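One structure is given below, encoded as C-alpha coordinates.
The values are calculated or read from the model by the stated rules, or taken from the named source; none is laboratory data. Computed from a predicted structure; not experimentally measured. Backbone-built Cβ (ideal geometry, glycine too); neighbour counts: all protein chains shown.
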(Lines give C-alpha, C1' and ligand atoms only; values in the text may rest on other atoms or scores of the structure.)
Protein backbone atom coordinates (compact mmCIF):
# COMPACT_ATOMS: atom_id res chain seq x y z
CA UNK A 1 0.00 0.00 0.00
CA UNK A 2 1.45 3.41 -0.93
CA UNK A 3 1.99 5.76 2.02
CA UNK A 4 -0.40 8.62 2.75
CA UNK A 5 1.01 11.91 1.42
CA UNK A 6 0.08 13.66 4.66
CA UNK A 7 1.73 11.13 6.99
CA UNK A 8 5.08 11.67 8.69
CA UNK A 9 7.63 8.93 7.97
CA UNK A 10 10.14 8.24 10.72
CA UNK A 11 12.91 5.64 10.95
CA UNK A 12 11.77 2.69 13.06
CA UNK A 13 13.47 1.89 16.38
CA UNK A 14 16.90 0.38 15.79
CA UNK A 15 17.20 1.89 12.30
CA UNK A 16 19.63 4.76 11.90
CA UNK A 17 22.14 6.38 9.60
CA UNK A 18 25.80 5.84 10.33
CA UNK A 19 27.80 8.93 11.29
CA UNK A 20 28.45 11.71 8.78
CA UNK A 21 32.18 11.00 9.11
CA UNK A 22 31.68 7.39 7.97
CA UNK A 23 31.78 6.68 4.25
CA UNK A 24 29.87 5.34 2.45
CA UNK A 25 26.71 6.50 4.19
CA UNK A 26 24.59 3.54 5.25
CA UNK A 27 21.19 2.92 6.76
CA UNK A 28 21.89 0.48 9.58
CA UNK A 29 19.12 -1.80 10.76
CA UNK A 30 18.68 -5.15 12.46
CA UNK A 31 20.76 -7.76 10.64
CA UNK A 32 21.25 -5.66 7.54
CA UNK A 33 22.54 -2.45 6.08
CA UNK A 34 21.49 -0.42 3.08
CA UNK A 35 24.02 1.59 1.14
CA UNK A 36 22.64 5.04 0.37
CA UNK A 37 23.43 7.06 -2.71
CA UNK A 38 22.48 10.71 -3.37
CA UNK A 39 18.67 10.58 -3.61
CA UNK A 40 18.17 7.75 -1.12
CA UNK A 41 20.23 9.64 1.45
CA UNK A 42 18.24 12.83 0.76
CA UNK A 43 15.03 10.89 1.43
CA UNK A 44 16.19 9.04 4.55
CA UNK A 45 17.56 12.23 6.11
CA UNK A 46 14.06 13.67 5.89
CA UNK A 47 12.39 10.62 7.50
CA UNK A 48 12.59 12.30 10.89
CA UNK A 49 8.93 12.43 11.88
CA UNK A 50 8.84 16.16 11.04
CA UNK A 51 8.50 16.07 7.24
CA UNK A 52 5.34 14.79 5.55
CA UNK A 53 5.66 12.50 2.54
CA UNK A 54 4.36 15.41 0.46
CA UNK A 55 7.16 17.69 1.72
CA UNK A 56 9.81 15.10 0.97
CA UNK A 57 8.48 14.71 -2.56
CA UNK A 58 8.49 18.49 -3.06
CA UNK A 59 12.06 18.80 -1.72
CA UNK A 60 13.37 16.06 -3.97
CA UNK A 61 11.57 17.45 -7.00
CA UNK A 62 13.40 20.69 -6.36
CA UNK A 63 16.81 19.03 -5.92
CA UNK A 64 16.35 16.78 -8.96
CA UNK A 65 14.59 19.35 -11.13
CA UNK A 66 15.77 17.71 -14.33
CA UNK A 67 13.85 14.53 -13.56
CA UNK A 68 10.19 14.23 -14.42
CA UNK A 69 8.26 15.31 -11.25
CA UNK A 70 5.71 12.51 -11.54
CA UNK A 71 8.48 9.94 -11.77
CA UNK A 72 10.24 11.40 -8.73
CA UNK A 73 7.01 11.12 -6.75
CA UNK A 74 6.28 7.54 -7.74
CA UNK A 75 9.87 6.47 -7.06
CA UNK A 76 9.76 8.00 -3.58
CA UNK A 77 6.40 6.43 -2.74
CA UNK A 78 7.71 3.05 -3.89
CA UNK A 79 10.89 3.42 -1.87
CA UNK A 80 9.05 4.44 1.31
CA UNK A 81 6.64 1.50 0.94
CA UNK A 82 9.58 -0.86 0.52
CA UNK A 83 11.27 0.46 3.66
CA UNK A 84 7.99 0.16 5.53
CA UNK A 85 7.62 -3.50 4.51
CA UNK A 86 11.15 -4.08 5.76
CA UNK A 87 10.12 -2.51 9.08
CA UNK A 88 12.67 0.25 8.68
CA UNK A 89 10.03 3.00 8.63
CA UNK A 90 6.93 3.98 10.60
CA UNK A 91 4.27 6.46 9.48
CA UNK A 92 2.60 8.70 12.02
CA UNK B 1 16.65 8.16 -10.59
CA UNK B 2 16.37 5.67 -7.75
CA UNK B 3 17.77 2.78 -9.72
CA UNK B 4 21.01 3.05 -7.83
CA UNK B 5 19.46 1.89 -4.55
CA UNK B 6 20.77 -1.48 -3.77
CA UNK B 7 20.84 -3.84 -0.91
CA UNK B 8 24.32 -4.49 0.25
CA UNK B 9 23.82 -8.17 0.83
CA UNK B 10 21.97 -9.06 -2.33
CA UNK B 11 23.36 -10.34 -5.59
CA UNK B 12 26.83 -9.92 -4.28
CA UNK B 13 28.95 -11.90 -6.72
CA UNK B 14 31.81 -13.91 -5.41
CA UNK B 15 35.14 -12.62 -6.49
CA UNK B 16 38.64 -13.57 -5.57
CA UNK B 17 39.16 -9.99 -4.52
CA UNK B 18 39.25 -9.72 -0.75
CA UNK B 19 36.21 -8.01 0.72
CA UNK B 20 35.76 -6.37 4.13
CA UNK B 21 34.30 -8.20 7.05
CA UNK B 22 30.82 -6.73 7.59
CA UNK B 23 29.93 -8.14 10.98
CA UNK B 24 31.91 -9.01 14.07
CA UNK B 25 30.45 -11.79 16.19
CA UNK B 26 31.75 -11.08 19.68
CA UNK B 27 31.41 -14.12 21.91
CA UNK B 28 31.98 -12.22 25.10
CA UNK B 29 31.82 -15.21 27.42
CA UNK B 30 30.87 -18.87 27.49
CA UNK B 31 29.24 -18.47 30.89
CA UNK B 32 25.46 -18.79 30.73
CA UNK B 33 22.64 -19.45 33.19
CA UNK B 34 20.91 -21.62 30.55
CA UNK B 35 21.88 -25.15 29.52
CA UNK B 36 20.22 -25.41 26.11
CA UNK B 37 20.44 -28.81 24.48
CA UNK B 38 21.27 -27.23 21.10
CA UNK B 39 23.79 -24.62 22.25
CA UNK B 40 26.10 -23.47 19.44
CA UNK B 41 29.10 -23.15 21.77
CA UNK B 42 31.88 -25.71 21.40
CA UNK B 43 31.83 -28.78 23.61
CA UNK B 44 34.95 -27.47 25.32
CA UNK B 45 34.28 -24.03 26.75
CA UNK B 46 36.47 -21.23 28.07
CA UNK B 47 36.40 -20.30 31.73
CA UNK B 48 36.04 -16.76 33.04
CA UNK B 49 39.75 -16.34 33.77
CA UNK B 50 40.58 -16.70 30.05
CA UNK B 51 38.12 -14.02 28.90
CA UNK B 52 39.35 -10.88 27.14
CA UNK B 53 39.47 -7.68 29.18
CA UNK B 54 37.28 -4.63 28.60
CA UNK B 55 40.30 -2.82 27.15
CA UNK B 56 41.10 -5.53 24.63
CA UNK B 57 37.49 -5.73 23.43
CA UNK B 58 37.39 -1.92 23.10
CA UNK B 59 40.49 -2.00 20.92
CA UNK B 60 39.01 -4.84 18.84
CA UNK B 61 35.85 -2.77 18.20
CA UNK B 62 37.94 0.15 16.91
CA UNK B 63 40.00 -2.14 14.69
CA UNK B 64 36.81 -3.75 13.39
CA UNK B 65 35.23 -0.43 12.44
CA UNK B 66 38.46 0.63 10.74
CA UNK B 67 38.44 -2.64 8.75
CA UNK B 68 34.94 -1.87 7.44
CA UNK B 69 32.81 -3.83 9.93
CA UNK B 70 29.32 -2.30 10.29
CA UNK B 71 27.71 -4.37 12.99
CA UNK B 72 28.81 -6.02 16.21
CA UNK B 73 26.80 -8.98 17.48
CA UNK B 74 27.29 -9.41 21.21
CA UNK B 75 26.69 -13.01 22.06
CA UNK B 76 28.05 -15.80 24.23
CA UNK B 77 27.24 -17.77 26.35
CA UNK B 78 25.17 -15.06 27.91
CA UNK B 79 26.72 -11.62 27.25
CA UNK B 80 24.92 -10.20 30.29
CA UNK B 81 27.11 -12.46 32.43
CA UNK B 82 29.87 -9.89 31.80
CA UNK B 83 29.77 -7.24 34.51
CA UNK B 84 31.22 -4.71 32.02
CA UNK B 85 28.48 -5.26 29.41
CA UNK B 86 27.24 -1.63 29.51
CA UNK B 87 30.79 -0.39 29.05
CA UNK B 88 31.31 -2.76 26.11
CA UNK B 89 28.14 -1.51 24.40
CA UNK B 90 29.32 2.07 24.85
CA UNK B 91 32.78 1.23 23.47
CA UNK B 92 31.41 -0.52 20.37
CA UNK B 93 28.99 2.32 19.69
CA UNK B 94 31.74 4.91 20.16
CA UNK B 95 33.85 2.98 17.66
CA UNK B 96 31.05 3.55 15.10
CA UNK B 97 29.45 0.09 15.14
CA UNK B 98 25.79 -0.87 15.17
CA UNK B 99 25.36 -2.91 18.34
CA UNK B 100 23.21 -6.05 18.59
CA UNK B 101 22.78 -7.88 21.88
CA UNK B 102 21.81 -11.52 21.53
CA UNK B 103 20.57 -12.54 24.94
CA UNK B 104 18.49 -15.00 26.91
CA UNK B 105 17.25 -12.07 28.99
CA UNK B 106 18.91 -13.50 32.12
CA UNK B 107 20.17 -11.85 34.24
CA UNK B 108 18.31 -8.68 33.14
CA UNK B 109 16.47 -6.15 35.26
CA UNK B 110 14.84 -2.83 34.40
CA UNK B 111 17.84 -0.76 35.50
CA UNK B 112 20.29 -2.83 33.43
CA UNK B 113 18.06 -2.55 30.37
CA UNK B 114 17.83 1.23 30.78
CA UNK B 115 21.61 1.48 31.09
CA UNK B 116 22.18 -0.63 27.96
CA UNK B 117 19.81 1.54 25.89
CA UNK B 118 21.39 4.70 27.25
CA UNK B 119 24.84 3.34 26.28
CA UNK B 120 23.66 3.12 22.67
CA UNK B 121 22.41 -0.42 22.19
CA UNK B 122 20.65 -0.51 18.80
CA UNK B 123 18.98 -3.91 18.70
CA UNK B 124 18.17 -6.63 21.17
CA UNK B 125 17.54 -10.21 20.16
CA UNK B 126 15.75 -12.08 22.89
CA UNK B 127 15.96 -15.84 22.61
CA UNK B 128 13.03 -18.09 23.47
CA UNK B 129 13.11 -21.84 23.85
CA UNK B 130 9.40 -22.29 23.18
CA UNK B 131 5.99 -20.65 23.51
CA UNK B 132 5.01 -22.61 26.62
CA UNK B 133 6.78 -22.55 29.91
CA UNK B 134 7.07 -26.30 30.34
CA UNK B 135 8.90 -27.08 27.06
CA UNK B 136 10.95 -23.86 27.19
CA UNK B 137 12.26 -24.65 30.65
CA UNK B 138 12.93 -28.26 29.70
CA UNK B 139 15.04 -27.24 26.70
CA UNK B 140 17.00 -24.57 28.59
CA UNK B 141 17.39 -26.71 31.71
CA UNK B 142 16.36 -23.66 33.79
CA UNK B 143 13.26 -21.77 34.88
CA UNK B 144 13.74 -18.91 32.45
CA UNK B 145 10.59 -18.51 30.35
CA UNK B 146 8.52 -16.37 32.74
CA UNK B 147 11.40 -13.92 33.14
CA UNK B 148 11.74 -13.50 29.37
CA UNK B 149 8.09 -12.46 29.22
CA UNK B 150 8.82 -9.82 31.88
CA UNK B 151 11.78 -8.52 29.82
CA UNK B 152 9.44 -8.19 26.82
CA UNK B 153 7.17 -5.93 28.87
CA UNK B 154 10.10 -3.73 29.95
CA UNK B 155 11.25 -3.43 26.33
CA UNK B 156 8.02 -1.64 25.43
CA UNK B 157 9.29 1.38 27.41
CA UNK B 158 12.34 1.84 25.17
CA UNK B 159 12.97 2.99 21.61
CA UNK B 160 15.08 0.07 20.46
CA UNK B 161 14.73 -2.63 17.80
CA UNK B 162 13.52 -5.95 19.18
CA UNK B 163 13.78 -9.37 17.56
CA UNK B 164 12.43 -12.54 19.10
CA UNK B 165 14.51 -15.61 18.30
CA UNK B 166 12.71 -18.90 18.59
CA UNK B 167 14.91 -21.92 18.09
CA UNK B 168 12.78 -24.58 16.43
CA UNK B 169 12.90 -28.38 16.67
CA UNK B 170 10.55 -31.34 16.75
CA UNK B 171 9.29 -30.61 20.26
CA UNK B 172 8.15 -27.04 19.62
CA UNK B 173 7.69 -26.74 15.84
CA UNK B 174 3.94 -27.29 16.29
CA UNK B 175 3.70 -24.16 18.48
CA UNK B 176 4.61 -21.52 15.87
CA UNK B 177 1.20 -19.85 16.13
CA UNK B 178 1.65 -19.29 19.88
CA UNK B 179 5.18 -18.00 19.31
CA UNK B 180 3.96 -15.48 16.76
CA UNK B 181 1.24 -14.38 19.20
CA UNK B 182 3.93 -13.59 21.79
CA UNK B 183 5.73 -11.44 19.20
CA UNK B 184 2.52 -9.67 18.20
CA UNK B 185 1.78 -8.68 21.78
CA UNK B 186 5.30 -7.24 22.16
CA UNK B 187 7.23 -4.35 20.59
CA UNK B 188 9.17 -6.71 18.30
CA UNK B 189 9.47 -5.83 14.62
CA UNK B 190 11.21 -9.10 13.71
CA UNK B 191 10.75 -12.72 14.62
CA UNK B 192 13.17 -15.45 13.72
CA UNK B 193 12.05 -19.05 13.58
CA UNK B 194 15.45 -20.65 13.33
CA UNK B 195 15.50 -24.40 13.07
CA UNK B 196 18.33 -25.99 14.99
CA UNK B 197 21.52 -26.51 12.99
CA UNK B 198 23.32 -29.70 13.88
CA UNK B 199 26.72 -28.96 15.37
CA UNK B 200 28.16 -29.31 18.87
CA UNK B 201 25.49 -29.89 21.50
CA UNK B 202 22.74 -30.04 18.90
CA UNK B 203 24.61 -32.76 16.99
CA UNK B 204 24.77 -34.80 20.20
CA UNK B 205 21.00 -34.36 20.72
CA UNK B 206 20.09 -34.60 17.04
CA UNK B 207 17.83 -37.61 17.31
CA UNK B 208 15.43 -35.79 19.64
CA UNK B 209 15.59 -32.42 17.86
CA UNK B 210 15.11 -33.10 14.13
CA UNK B 211 11.51 -32.40 13.10
CA UNK B 212 9.69 -34.78 10.78
CA UNK B 213 9.05 -33.91 7.14
CA UNK B 214 5.33 -33.52 7.94
CA UNK B 215 6.06 -31.09 10.77
CA UNK B 216 8.34 -29.05 8.53
CA UNK B 217 5.81 -28.92 5.67
CA UNK B 218 3.08 -27.75 8.03
CA UNK B 219 5.30 -25.00 9.43
CA UNK B 220 6.23 -23.76 5.96
CA UNK B 221 2.54 -23.57 4.99
CA UNK B 222 1.69 -21.73 8.19
CA UNK B 223 4.44 -19.14 7.74
CA UNK B 224 3.48 -18.48 4.14
CA UNK B 225 -0.01 -17.46 5.29
CA UNK B 226 1.12 -15.48 8.32
CA UNK B 227 3.86 -13.55 6.51
CA UNK B 228 1.21 -11.91 4.39
CA UNK B 229 -1.03 -11.18 7.39
CA UNK B 230 1.64 -9.45 9.50
CA UNK B 231 3.33 -7.63 6.61
CA UNK B 232 4.31 -4.09 7.61
CA UNK B 233 4.11 -5.02 11.32
CA UNK B 234 6.54 -7.87 11.83
CA UNK B 235 9.15 -9.37 9.55
CA UNK B 236 9.21 -13.14 9.77
CA UNK B 237 12.51 -14.90 9.11
CA UNK B 238 12.60 -18.67 8.78
CA UNK B 239 15.65 -20.88 8.80
CA UNK B 240 15.01 -24.44 7.60
CA UNK B 241 16.74 -27.44 9.12
CA UNK B 242 19.20 -27.90 6.29
CA UNK B 243 19.04 -31.71 6.38
CA UNK B 244 15.71 -31.21 4.57
CA UNK B 245 17.00 -28.65 2.07
CA UNK B 246 17.76 -29.31 -1.58
CA UNK B 247 20.87 -27.15 -1.56
CA UNK B 248 23.15 -26.21 1.32
CA UNK B 249 23.00 -22.90 3.17
CA UNK B 250 25.59 -20.28 2.17
CA UNK B 251 27.21 -20.81 5.56
CA UNK B 252 28.46 -17.51 7.10
CA UNK B 253 27.88 -15.91 3.68
CA UNK B 254 30.98 -17.77 2.51
CA UNK B 255 34.11 -18.63 4.50
CA UNK B 256 36.13 -15.51 5.35
CA UNK B 257 33.90 -13.33 3.18
CA UNK B 258 31.65 -11.36 5.54
CA UNK B 259 31.90 -12.48 9.13
CA UNK B 260 34.48 -12.80 11.79
CA UNK B 261 33.93 -14.45 15.15
CA UNK B 262 36.03 -13.71 18.22
CA UNK B 263 35.89 -16.32 21.00
CA UNK B 264 35.80 -15.31 24.69
CA UNK B 265 39.58 -15.81 24.89
CA UNK B 266 40.28 -13.84 21.70
CA UNK B 267 40.74 -16.44 18.98
CA UNK B 268 39.52 -15.19 15.59
CA UNK B 269 37.40 -17.79 13.78
CA UNK B 270 35.69 -17.80 10.39
CA UNK B 271 32.62 -19.48 11.99
CA UNK B 272 31.18 -20.69 15.30
CA UNK B 273 32.25 -24.30 14.92
CA UNK B 274 35.56 -23.88 13.05
CA UNK B 275 37.53 -25.33 15.96
CA UNK B 276 36.20 -28.82 15.13
CA UNK B 277 38.14 -28.80 11.84
CA UNK B 278 41.50 -30.52 12.36
CA UNK B 279 44.65 -28.79 11.16
CA UNK B 280 43.37 -25.21 11.39
CA UNK B 281 45.30 -22.84 13.59
CA UNK B 282 43.73 -19.64 14.82
CA UNK B 283 45.28 -16.31 15.58
CA UNK B 284 44.42 -14.32 18.66
CA UNK B 285 43.42 -10.64 18.80
CA UNK B 286 45.78 -10.21 21.76
CA UNK B 287 48.72 -10.86 19.41
CA UNK B 288 47.66 -9.34 16.08
CA UNK B 289 45.46 -6.63 14.61
CA UNK B 290 42.04 -7.56 13.32
CA UNK B 291 42.60 -6.55 9.70
CA UNK B 292 45.87 -8.44 9.56
CA UNK B 293 44.16 -11.57 10.87
CA UNK B 294 41.32 -11.16 8.37
CA UNK B 295 43.73 -10.82 5.47
CA UNK B 296 46.53 -13.18 6.46
CA UNK B 297 45.39 -15.78 9.01
CA UNK B 298 45.76 -19.23 7.45
CA UNK B 299 42.42 -20.30 8.96
CA UNK B 300 40.58 -17.51 7.10
CA UNK B 301 42.36 -18.32 3.86
CA UNK B 302 41.80 -22.06 4.05
CA UNK B 303 38.34 -22.12 2.43
CA UNK B 304 38.18 -18.59 1.05
CA UNK B 305 37.39 -18.30 -2.65
CA UNK B 306 37.01 -21.51 -4.65
CA UNK B 307 40.44 -23.04 -5.11
CA UNK B 308 39.85 -25.56 -2.31
CA UNK B 309 36.65 -26.91 -3.84
CA UNK B 310 36.13 -30.49 -4.97
CA UNK B 311 33.65 -31.81 -7.50
CA UNK B 312 30.74 -31.34 -7.85
CA UNK B 313 31.20 -27.83 -6.32
CA UNK B 314 34.22 -26.93 -8.45
CA UNK B 315 32.22 -26.75 -11.69
CA UNK B 316 28.77 -26.12 -10.20
CA UNK B 317 26.79 -23.02 -11.24
CA UNK B 318 25.63 -22.59 -7.66
CA UNK B 319 29.10 -22.24 -6.18
CA UNK B 320 28.78 -18.45 -6.12
CA UNK B 321 25.47 -18.72 -4.26
CA UNK B 322 26.16 -21.24 -1.52
CA UNK B 323 29.98 -21.47 -1.54
CA UNK B 324 29.87 -25.26 -1.20
CA UNK B 325 27.78 -25.05 1.98
CA UNK B 326 29.13 -25.56 5.45
CA UNK B 327 32.70 -26.77 6.08
CA UNK B 328 31.95 -28.00 9.59
CA UNK B 329 28.98 -30.00 8.39
CA UNK B 330 31.14 -31.49 5.63
CA UNK B 331 33.57 -32.60 8.31
CA UNK B 332 30.88 -33.96 10.65
CA UNK B 333 29.03 -35.92 7.96
CA UNK B 334 31.63 -36.64 5.27
CA UNK B 335 34.74 -36.74 7.43
CA UNK B 336 36.38 -34.18 5.11
CA UNK B 337 36.05 -30.43 5.64
CA UNK B 338 36.73 -29.75 1.94
CA UNK B 339 33.96 -32.05 0.68
CA UNK B 340 30.70 -30.76 -0.77
CA UNK B 341 28.29 -30.22 2.13
CA UNK B 342 26.45 -33.58 2.24
CA UNK B 343 23.04 -31.90 2.67
CA UNK B 344 23.34 -30.83 -1.00
CA UNK B 345 21.29 -33.14 -3.24
CA UNK B 346 24.20 -33.00 -5.72
CA UNK B 347 26.70 -34.22 -3.11
CA UNK B 348 28.03 -37.76 -3.43
CA UNK B 349 27.35 -38.31 0.26
CA UNK B 350 23.74 -37.05 0.28
CA UNK B 351 22.54 -40.66 0.87
CA UNK B 352 24.06 -40.38 4.33
CA UNK B 353 21.73 -37.49 5.19
CA UNK B 354 18.78 -39.34 3.66
CA UNK B 355 19.63 -42.34 5.82
CA UNK B 356 19.55 -40.14 8.95
CA UNK B 357 16.16 -38.76 7.93
CA UNK B 358 14.88 -42.23 7.00
CA UNK B 359 15.95 -43.65 10.33
CA UNK B 360 14.06 -41.04 12.35
CA UNK B 361 11.19 -42.09 14.51
CA UNK B 362 7.90 -40.41 13.72
CA UNK B 363 6.70 -37.84 16.21
CA UNK B 364 3.38 -38.97 17.69
CA UNK B 365 1.56 -36.21 19.60
CA UNK B 366 2.07 -38.12 22.86
CA UNK B 367 5.84 -37.88 22.53
CA UNK B 368 5.72 -34.33 23.83
CA UNK B 369 4.92 -35.71 27.30
CA UNK B 370 7.93 -37.97 27.41
CA UNK B 371 11.11 -36.11 28.21
CA UNK B 372 14.06 -37.37 26.15
CA UNK B 373 17.36 -38.16 27.71
CA UNK B 374 18.93 -34.78 26.86
CA UNK B 375 22.62 -33.99 27.00
CA UNK B 376 22.58 -30.58 28.72
CA UNK B 377 25.31 -27.99 28.17
CA UNK B 378 27.14 -27.27 31.44
CA UNK B 379 28.11 -23.80 32.65
CA UNK B 380 31.88 -23.16 32.63
CA UNK B 381 33.40 -21.67 35.76
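Being out of contact with any helix residue (DSSP H, G or I) (no Cβ under 9 Å at 6 or more places or on another chain) and closer than 14 Å to residue B:208 by Cα is the filter; apply it to region B:368-380 and report the residue that is modelled with the lowest pLDDT. Only one residue fits best here, namely B:369. The criterion of being within 11 Å of another protein chain (Cβ to nearest Cβ), farther than 30 Å from residue B:25 by Cα and surrounded by fewer than 17 Cβ atoms within 10 Å (Cβ to Cβ) holds for residue A:68. Can you pull out the residues in region B:84-107 that are at negative phi and not in a helix (DSSP H, G or I)? Once the filter is applied, which keeps residues that are at negative phi and not in a helix (DSSP H, G or I), region B:84-107 yields B:84, B:95, B:97, B:98, B:99, B:100, B:101, B:102, B:103, B:104, B:106, B:107.
Quick grid of which residues meet (1) within 9 Å of the chain's Cα centre (by Cα); (2) modelled with pLDDT of 95 or more; (3) buried (at least 21 other Cβ atoms within 10 Å of the Cβ); (4) more than 8 Å from every other protein chain (Cβ to nearest Cβ):
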{"residue": "A:9", "(1), (2), (3), (4)": "yes, yes, yes, yes"}
{"residue": "A:19", "(1), (2), (3), (4)": "no, no, no, no"}
{"residue": "A:22", "(1), (2), (3), (4)": "no, no, no, no"}
{"residue": "A:41", "(1), (2), (3), (4)": "yes, yes, no, yes"}
{"residue": "A:45", "(1), (2), (3), (4)": "yes, yes, no, yes"}
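Once region A:24-33 is narrowed to residues that are farther than 27 Å from residue B:157 by Cβ and more than 7 Å from chain B (Cβ to nearest Cβ), the residue that is surrounded by the fewest Cβ atoms within 10 Å (Cβ to Cβ) is A:24. Among the numbered conditions (1) assigned to a loop (DSSP other than H, G, I, E, B); (2) touching a strand residue (DSSP E or B) at 6+ places or on another chain (Cβ under 8 Å), the only one that residue B:378 does not meet is (2). Can you tell me which residue is farthest from residue B:206 (Cα to Cα) among those in region B:159-175 that are in contact with a strand residue (DSSP E or B) (Cβ under 8 Å, 6 or more places away or on another chain) and assigned to a loop (DSSP other than H, G, I, E, B)? Ranking the candidates gives B:160 first. Considering region B:69-83, the residues that are modelled with pLDDT of 95 or more and not in a strand (DSSP E or B) include one that is farthest from residue B:52 (Cα to Cα), namely B:70. Selection over region B:12-37 of residues that are at pLDDT below 50 and more than 13 Å from chain A (Cβ to nearest Cβ) gives a count of 4. Considering only residues in region B:183-203 that are part of a helix (DSSP H, G or I) and either surrounded by fewer than 18 Cβ atoms within 10 Å (Cβ to Cβ) or within 17 Å of the chain's Cα centre (by Cα) (or both), the one that is modelled with the lowest pLDDT turns out to be B:200. Suppose we filter B:270, B:278, B:250 for residues that are buried (at least 23 other Cβ atoms within 10 Å of the Cβ) and either in contact (Cβ under 8 Å) with a residue 24 or more places away in the chain or closer than 27 Å to residue B:29 by Cα (or both); which single one remains? Being buried (at least 23 other Cβ atoms within 10 Å of the Cβ) and either in contact (Cβ under 8 Å) with a residue 24 or more places away in the chain or closer than 27 Å to residue B:29 by Cα (or both) holds for just one of B:270, B:278, B:250, which is B:270.
Residues are listed down the side, and each one gets a yes or a no for (1) away from chain A (no Cβ under 14 Å); (2) at pLDDT below 95; (3) farther than 26 Å from residue B:201 by Cα; (4) buried (at least 18 other Cβ atoms within 10 Å of the Cβ):
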| site | (1), (2), (3), (4) |
| --- | --- |
| B:107 | yes, yes, no, no |
| B:116 | no, no, yes, yes |
| B:121 | no, no, yes, yes |
| B:128 | yes, no, no, yes |
| B:136 | yes, yes, no, yes |
| B:141 | yes, yes, no, yes |
| B:153 | yes, no, yes, no |
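Looking only at residues in region B:50-87 that are surrounded by 21 or more Cβ atoms within 10 Å (Cβ to Cβ) and more than 29 Å from residue B:376 (Cα to Cα), the one that is farthest from the other protein chains (Cβ to nearest Cβ) is B:57.
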